[in-house]
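Structure record follows, encoded as structure tokens.
All of the numbers you see were taken from the coordinates with simple rules; none came from a lab. Remember, predicted model here, so these are calculated numbers, not experimental data. Here the Cβ positions follow ideal geometry from the backbone for every residue, glycine too, while neighbour counts run over all protein chains shown.
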Amino acid sequence: MQLRASAEDYLETILLLTKKTGAVRSIDIVSEMGFSRPSISIAMKKLREDGLILMDDDGFIKLTGKGLETAEQVYDRHSTLYDWLVKIGVGEKIAAADACRMEHIISEETFEKIKQFSERL
């Protein structure tokens with residue numbers, strides 16, 4: 001399944017918030033990402049329909065197996081690209097912004113080569 005960059009960002013945010021706080025609700029995503037409640041609500045509905053998240057009766061969000069796998073892949077791309085950019089001299093703020101954009105468009109082949117190169121640095 002090919003996801004839009006925004007869906008990948010939501011999944012990555014849910015993953016990071018889960019690691020940070022243990023439990024995630026839509027309002028936590030609103031606070032973290034700065035989007036409106038209606039926007040987050042629509043996005044969460046779409047992620048549920050795609051089988052990437054589950055939401056219980058109390059509004060707590062959990063990643064499904066497929067959602068977790070996708071979120072971890074996105075986070076791996078982001079953190080690897082961020083680390084690589086910083087290692088080659090890009091400032092942290094710019095590296096974070098660029099990694100966020102790059103993680104969605106980079107080919108798997110290019111990403112793997114950057115990852116291998118970065119690991120050797």
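Worth pointing out:
- Excluding same-chain neighbours fewer than eight residues apart, the lysines reachable from Lys66 by a Cα-Cα span under 19 Å are Lys19, Lys45, Lys46.
- Summing charges over all other residues whose Cβ lies under 15 Å from the Cβ of Leu16, with Lys and Arg as +1 and Asp and Glu as -1, gives -3.
- Relative frequency of Cα-Cα separations exceeding 14 Å in the range 73-120, percent: 41 percent
- Anchor Lys115: aspartates and glutamates whose Cα lies under 14 Å away (excluding residues fewer than 8 positions away in-chain): Asp76, Asp83, Glu103
- Taking a straight line from the alpha carbon of Lys113, these lysines sit under 23 Å away, with near neighbours fewer than eight places off in the same chain left out: Lys87.
- Charged side chains reduced to their Cβ positions (Lys and Arg at +1, Asp and Glu at -1) give the range 1-56 a dipole of some 120 debye around its Cα centre.
- Sorted fewest first by neighbouring Cβ atoms within 10 angstrom, Phe117, Phe60 come out as Phe117, Phe60.
- Of all the options Glu49, Glu72, Glu12, the one that moves most in a Gaussian network model of the chain with Cα springs shorter than 10 angstrom is Glu49.
- At full extension, Glu108 and Ser31 could sit 24.6 nm farther apart than now, given 0.36 nm per residue minus the alpha carbon distance.
- Kirkwood Rh, angstrom, the range 1-56 [1 / mean 1/r, Cα pairs]: 11.4 Å
- Separation in nanometres of the label points that stand 7 Å from Cα toward Cβ, at Ala96 and Ser39: 1.8 nm
- Panel order for Arg77, Arg101, Arg48, by other beta carbons found within 10 Å of each beta carbon, from fewest to most: Arg101, Arg48, Arg77.
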